[in-house]
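Taking it in order: structure first as C-alpha cells, then the write-up.
The values are calculated or read from the model by the stated rules, or taken from the named source; none is laboratory data. Note that the structure is a prediction, hence the values are computed from the model and not measured. We place every Cβ from the backbone using ideal geometry, glycine too, and count neighbours over all the protein chains shown. Calculation scope for accessible area: heavy atoms of the full protein, side chains included, ligands and nucleic acids excluded. Shrake-Rupley method; radii C 1.70, N 1.55, O 1.52, S 1.80 Å.
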Amino acid sequence: MRTRQILCPVDFSEESEHALEYAIELAALYKVKLRLLHVISKAYGEDITTLPHHEENFGIVAVTQEQLDKHMKAYASQKIHSMLQQLHPEQQLEVVIRRGSATGQILEEAESADVGMIVIGCHRRTALAHWLQPSVAEEVINKAKCPVMVVK
C-alpha cells in the first residue's frame, strides 16, 4: 500500500469531498500518486430517452448521444477541478472519468491501476433507503481486493 497509488471516487457530494481531503493527506503522507475517479451513471449517459424530463425541456431532447457524452464529461471535469482548487492539493494526481455502474467502474479502475487503497465517502441514509438500494461504498468494501477506507 505504501508504494502504490490511492484511488478516490468522487460524486461531487459533501461526503466525497470529505473523503477527498483524507485521500489527499494520505497520498502526501505516503508520497504516492492520487487517482480521482468520477463515474457517469449509465442511467443518464447510455440512452438519451432515459434523461429526466423537467418542466423546462418539455420532454424534448435536442442533442445527439455524442454531444451529451461530451457535455457530461466536460461538466464532470470542471467540477473535479473546482473541488481541487478549493482543497489546494500539491501532490501528483490523475483524474479519470468513466461511464457505467459506479461500483463496477470503481472496482475495475482499482484493479487496472493496481491501487494500494480506495478512499471513498459514504452517504448517510435511512435503514429503508439502504435496504431498497445498497450503498456503493458497502459494495466496494465487500468486493475490493485492496484495503478500503470509508469516510463519513
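Hey, any hits in the range 75-91 for a residue that's farther than 23 Å from SER16 by Cα, modelled with pLDDT under 80, open to solvent by 100 Å² or more (accessible area, probe 1.4 Å) and not in a helix (DSSP H, G or I)?
Scanning the range 75-91, I find no residue that is farther than 23 Å from SER16 by Cα, modelled with pLDDT under 80, open to solvent by 100 Å² or more (accessible area, probe 1.4 Å) and not in a helix (DSSP H, G or I), so the answer is no.
Find the residue count for the range 94-121, including only residues that are closer than 15 Å to SER16 by Cβ, of a type in the set (A, V, I, L, M, F, W, C) and part of a strand (DSSP E or B).
Total meeting the criteria: 6.
Against the condition loosely packed, with under 13 Cβ neighbours inside 10 Å and modelled with pLDDT of 70 or more, how does LYS70 come out, does it pass?
Spelling it out, LYS70 is indeed loosely packed, with under 13 Cβ neighbours inside 10 Å and modelled with pLDDT of 70 or more.
GLU108: modelled with pLDDT of 90 or more and surrounded by fewer than 16 Cβ atoms within 10 Å (Cβ to Cβ), yes or no?
yes
Could you tell me whether any residue of the range 53-61 is polar (S, T, N, Q), modelled with pLDDT under 65, closer than 30 Å to ASN142 by Cβ and open to solvent by 40 Å² or more (accessible area, probe 1.4 Å)?
There is no residue in the range 53-61 that is polar (S, T, N, Q), modelled with pLDDT under 65, closer than 30 Å to ASN142 by Cβ and open to solvent by 40 Å² or more (accessible area, probe 1.4 Å).
Select from the range 133-152 the residues that are over 22 Å from GLU14 (Cα atoms) and in a helix (DSSP H, G or I) and write down the one among them that is modelled with the highest pLDDT.
Step by step, filter the range 133-152, then rank; the result is LYS143.
Only residues in the range 11-39 that are on the phi > 0 side of the Ramachandran plot count as the first member; pair them with residues that are part of a helix (DSSP H, G or I) and open to solvent by 30 Å² or more (accessible area, probe 1.4 Å), Cβ under 6 angstrom, at least 6 apart or cross-chain, and list the lot.
Final answer for the pair search is PHE12/LYS79.
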